[in-house]
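This report concerns only the one structure given below.
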Amino acid sequence: MANEQWRLPPEIMAQILTQTLPTPVTTARKITRNSLLKNYSLICRQWRQFGQSELFLHPVLPSSLSVDHYLDASGKLGGAITMVLGSDQWEEYRAFSVERLQRACPGVQEVELSEMEGVSLHELLKWKELRSLTLRSLRCHTPLNLRPHLLSSPRLTMLKLSAVDISQRLTSTLLTPEMLPSLVILALHSVAFIPLKPIAPQLQVLSLQNARADHENDISWKSLKAVDVNWGINTEEFFWLPFPDCSASHLRIALPMAELVPALVDLDKSVQGRTEWTSKLKVVDVIDLKQDFFESDVEEGDYERCIDRLRELGLEVRSDEATEFPVWARERTSAINM
């Protein structure tokens, strides 16, 4: 046992240990963070107190059993700030209600749900302090007696839908300024077409993957500051869309090399053609996802030539910053307090 006179005060030890932890801004970081905290909790009593406190602030709950254990103990340690729920460990068809979690943790600001059936979106939005909501690989339940005012989430700034089965009725009710008055970041990844007309004028960051944005000419994109492009987007068409009133200055392209080079060629043509929105771009973040299972006919030097060409057109191209989307999106908008 260490000599008591050499033991650091708890608040100093907590500051030191905090510096070793990744910031919990993405799912991967939260999982890594929790793994480290569990290890810290086994070192000694002082470290255990710190580790358990942090685990309950940012819980990762992959199964309904872990949710039950968390709820049994959370009253002793305080409510969560961020929460990750679900995984491939979640029991098939196991009913899930957030009511108990909301009573135990009323101040939750970020929630991620995945691999679940029958999630009630109107229940999730009862977390009135919610700033960020991510739904991944799940089916949203829409009650027949849904009352639109129950969906209001006044503080929600970021909504990410990825491979989500969600009804047209629910999305048309949800994506309105009345329901989400503070929403400025919207990510649509592998979802069916969603009408953006009501919400478009207030969006500052739009992310698309295997989805498409509504581009009717009467939609105003006056607040859009940044666009993120991923898999499944026809860039040859997308870079020529009008996006009326748009003054976006930042573009992020995250693709495997086989798709990245053709996308950069399409962007080059669009900028030269003075397309309404791409001609206003100032910064382009280019990310090679390095997926080697994609067949590629890209020749050596093609990528570098595309980058040089865009720089000749006056764009600042940053090709070595693989920033995670949530971080990149929040940096792009002044509406979110970091």
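Compute, for THR235, the solvent-accessible surface of its heavy atoms (probe 1.4 Å) with the complete set of protein chains present, and express it in square angstrom to the nearest 10.
Ignoring ligands and nucleic acids, THR235 comes out at about 10 Å².
Taking amide H positions as placed in the peptide plane 1.01 Å from N, state which residues far from ARG252 in sequence (5 or more) or on other chains have amide H under 5 Å from it.
Under 5 Å from the amide H of ARG252: VAL227, ASP228, VAL229, ASP285.
Taking the full set of protein chains and a 1.4 angstrom probe, give the accessible area of LYS269 in square angstrom, rounded to the nearest 10.
Using a 1.4 Å probe on the heavy atoms, I get roughly 110 Å².
Cα-Cα over 18 Å: which of LYS160/LYS282; LYS197/LYS222; LYS225/LYS282; LYS222/LYS280?
LYS160/LYS282
Just by accessible area at a 1.4 angstrom probe, what is the order of THR82, THR18 from largest to smallest? The partial results should precede the final answer.
Values: THR82 10, THR18 60 Å².
Highest to lowest solvent-accessible surface, that is THR18, THR82.
What is the percent carbon and sulfur in the accessible area of the stretch 232-311, measuring with a 1.4 Å probe over the protein chains and ignoring ligands?
Details: 1850 of 4060 Å².
Of all accessible area on the stretch 232-311, carbon and sulfur atoms account for 45 percent.
What is the gain in length, in nm to one decimal, between GLU300 and LEU21 on full extension, counting 0.36 nm per residue of separation less the C-alpha to C-alpha distance?
Working: separation 279, 0.36 × 279 = 100.44 nm, distance 3.89 nm.
So the extension gain works out to 96.5 nm.
The values are calculated or read from the model by the stated rules, or taken from the named source; none is laboratory data. Since this is a predicted model, take the numbers as computed values, not measurements. Areas reflect the complete protein model, heavy atoms only, side chains present, ligands, DNA and RNA absent. Shrake-Rupley method; radii C 1.70, N 1.55, O 1.52, S 1.80 Å.
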